[in-house]
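The values are calculated or read from the model by the stated rules, or taken from the named source; none is laboratory data. In this text, all values refer to a predicted model and were calculated from it rather than measured experimentally. With ideal geometry, Cβ positions are generated from the backbone for all residues, glycine too; neighbour counts draw on all protein chains shown.
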Amino acid sequence: MPVEWRYRGRRVSAEDVAFIRDLIVQHPHLSRRRLSAELCEAWQWKQANGALRDMVCRGLLLMLHRAGEIELPAVRQISLNPFVQRSRPQPVPIDMTPLTGALQQIRPIGLQQVRRTTEEPLFNSLIEHHHYLGYEQPVGEHLKYLVFAQDRPIACLAWSSAPRRLASRDRYIGWNAEARRRNIRFLAYNTRFLILPWVGVPHLASHILGRVAQQLSPDWERMYGHPVYFAAEVAVHPAEWMPWNYRHDATAAAA
């Protein structure tokens with residue numbers, strides 16, 4: 001039997017396992033979900049914004065249960081997995097009149113973070129029906145942006161938390177495993193970038209990236225309680241990426 005477990009970057013000692021066993025004995029009537037919340041509170045296992053790391057904790061408990069280290073209570077309710085059962089975003093009617101010309105002619109251009117707003121369904125629909133990869137529900141920390149000009153949407157961007165391990169990135173930054181564990185939350189990846197197909201404006205993509213470079217970190221901190229210091233664009237192949245240091249390039253990109 002191992003004296004120490006590891007789950008999602010957290011070391012779990014034999015003493016921690018004993019603590020979980022005692023917690024289960026002391027709260028025999030709690031569901032698995034409530035036990036997870038109690039353990040998060042006891043360990044102060046929280047995200048940067050103060051939210052409990054409940055789903056990660058539940059995964060840890062299930063791993064220990066399956067290994068025979070603890071005995072969880074029976075499952076009381078089976079919830080549908082929204083990532084498996086969710087319906088595809090439906091089309092949202094919008095103005096598809098071709099928009100062309102110089103960048104100066106369509107200004108002002110608005111950039112709006114729409115996650116957890118009434119505009120989020122519009123974002124999801126545009127990505128689903130006009131981006132070649134379609135819409136996939138992000139997992140973990142993420143933000144969604146709509147770009148507007150002349151009172152109509154013209155582009156969409158999605159930013160997500162970074163994958164835990166990516167060899168080319170880690171070599172570029174010079175991380176070891178401990179540095180990556182401490183700092184991975186300060187990275188964000190541009191996982192979707194869509195300029196709507198009826199929009200043909202030279203230099204629009206560069207302008208949008210410059211604008212989001214100024215807004216991404218403050219928006220991330222408002223949503224998740226910590227800033228973003230390094231952003232990267234995901235290339236066609238998932239193992240490829242194009243880094244840009246957030247603080248260094250934000251001003252240059254916006255020029």
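I'd like to check something: does segment 121-130 contain any residue that is among the hydrophobic types (A, V, I, L, M, F, W, C), under 25 Å from residue 52 (Cβ atoms) and at pLDDT 95 or above?
no
Among the candidates 166, 103, 157, single out the residue that is in the same structural domain as residue 179 (by TED's automatic domain parsing), touching a residue at least 60 places away in the same chain (Cβ under 8 Å) and within 29 Å of residue 53 (Cα to Cα).
On inspection, the qualifying residue turns out to be 166.
Would you pick out the residues in segment 187-206 that are crowded, with 17+ Cβ neighbours inside 10 Å and either more than 26 Å from residue 92 (Cα to Cα) or of a type in the set (Gly, Ala, Ser) (or both)?
187, 188, 189
Return the residue satisfying two criteria in turn: it lies in segment 139-153 and is under 14 Å from the mean Cα position of the chain (by Cα) and crowded, with 17+ Cβ neighbours inside 10 Å, and of such residues it is nearest to residue 184 (Cα to Cα). Give the steps one after another, and end with the answer.
Our first condition is that a residue be under 14 Å from the mean Cα position of the chain (by Cα); within segment 139-153, this holds for 139-145.
Adding the requirement that they be crowded, with 17+ Cβ neighbours inside 10 Å leaves 141-145.
Working: 141: 12, 142: 14, 143: 16, 144: 20, 145: 22 Å.
Here the residue is 141.
Quick check on segment 10-29: of everything there that is closer than 26 Å to residue 177 by Cβ and among the acidic types (Asp, Glu), which residue is surrounded by the fewest Cβ atoms within 10 Å (Cβ to Cβ)?
Step one: filter segment 10-29 for residues closer than 26 Å to residue 177 by Cβ, giving 10-17, 19-20.
The next check asks that each one be among the acidic types (Asp, Glu); those that pass are 15-16.
Details: 15: 9, 16: 17.
Within segment 10-29, the match that is surrounded by the fewest Cβ atoms within 10 Å (Cβ to Cβ) is 15.
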